[in-house]
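Worksheet: one structure, shown below.
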Amino acid sequence: MRQTLVLLRFSLGQLLAGRRLLVVAPLVMLPLLLLAVFAAGADVDAATFTVDMFRQVVVPLLLPVVSLTFSTSALGTELRDGTITNVLLKPLRRAAILGAKYLAAVLATLVLLLPAEVAAHLIVAGGLGSTDLLAGLVLASVVGTLAYCALGVLLSLLMARALLVGLAYALLWEGAVVGVAPSASSLSIRGYTEGVFAAVARGGGVDLPVRLGPVSATVLAAVVTLAALVLSVRRLEWMDVP
């Protein structure tokens, strides 16, 4: 357990250091905070702003881009630099290695996303935000992050251009195909995330039209996340150490 925690801490430090952080942090914080400042100046309703921010900026763009950037780098960088051998030779089960890398990607994503989302909502709400909307933001972001990061880790173990493939899925499949064919939302992490957000926000009197109910969204998100992680572990176990 101690060695796994050391690997987790090291991996998190890798992800949140260097040029990657300098690029990703402004990408997350600037759009949300600028939108919040403009909305507060225009006296926009906090609930309306939060829903629009989440559904039009966070879910279709920031959540997949940040999650996939970190998750495809967690093991992908080791593979690209040839240092994966050093990681696999550690006295750890490969499932533990993958778990540490995956959790590092999840934590790195949430460390950047959640404070910016919550701050944007509180700025527009004048410091007294809706508990249900805040809970919806946090829970849906966590669900989406878990699923996107699992997908990103798997892609990084299968192909060299994992980030581009992941972004193509998020921006083309989820953004274009699912919009035209709503029945495809069962294969959309974006659909799962919106379903969870809508279910929690409903407690605050915000009724959102979504394609998946809370149970379907939660179950499908869990299935996709676990399936991607199981396949990732299998792929890592099949790797030969020179």
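Ordering Leu114, Leu134, Leu35 by Cα displacement along the dipole of segment 23-177 toward the positive end leaves Leu114 in first place; charges were set at the Cβ atoms of Lys, Arg (+1) and Asp, Glu (-1). Per residue, the Cα convex hull of segment 83-139 amounts to 86 Å³. Secondary-structure-derived ellipticity at 222 nm for the chain, considering helices only, amounts to -23500 deg cm²/dmol, per-run term -39500 (n - 2.57) for DSSP H runs with n ≥ 4. Ligands, DNA and RNA left out, the 1.4 Å accessible surface of the chain is 68% carbon and sulfur atoms. Shown in residue order for segment 32-45 are the 3J(HN,Hα) couplings computed by the Karplus curve 6.51 cos²θ - 1.76 cosθ + 1.60 at θ = phi - 60°: 5, 6, 5, 4, 5, 5, 5, 5, 5, x, 8, 6, 6, 4 Hz (x for Gly and Pro).
Probing with 1.4 Å while keeping every protein chain in the model, the per residue accessible area of the chain equals 47 Å². With a cut-off of 11 Å between beta carbons, the residues surrounding Ala39 carry a summed charge of -3, where Lys and Arg count +1 and Asp and Glu -1.
Positive-end ranking of Thr69, Val44, Leu103 along the dipole of segment 1-119, with charges on Cβ about the Cα centre, is headed by Leu103.
When you work out D = kT/(6 pi eta Rh) for segment 61-155 at 4 °C and 1.567 mPa s, using the Kirkwood radius from C-alpha pairs as Rh and the Stokes-Einstein form, the result is 89 µm²/s. Assuming charge only on the beta carbon of Lys and Arg (+1) and of Asp and Glu (-1), the dipole of the chain about its Cα centre is about 940 debye to the nearest 20. Cα convex hull, the chain: 125 Å³ per residue, rounded to a whole number. Each residue of segment 49-58 was assigned a 3J(HN,Hα) from its phi angle through the Karplus curve 6.51 cos²θ - 1.76 cosθ + 1.60 (θ = phi - 60°); the sequence is 4, 5, 5, 5, 4, 5, 7, 10, 10, 5 Hz, with glycine and proline shown as x.
The values are calculated or read from the model by the stated rules, or taken from the named source; none is laboratory data. These numbers come from a predicted model, not from an experiment. Note that each Cβ is placed from the backbone with ideal geometry, even for glycine, and that neighbours are counted across all protein chains shown. Quick note on the areas: whole protein, heavy atoms, side chains included, nothing else; ligands and nucleic acids left out. Shrake-Rupley method; radii C 1.70, N 1.55, O 1.52, S 1.80 Å.
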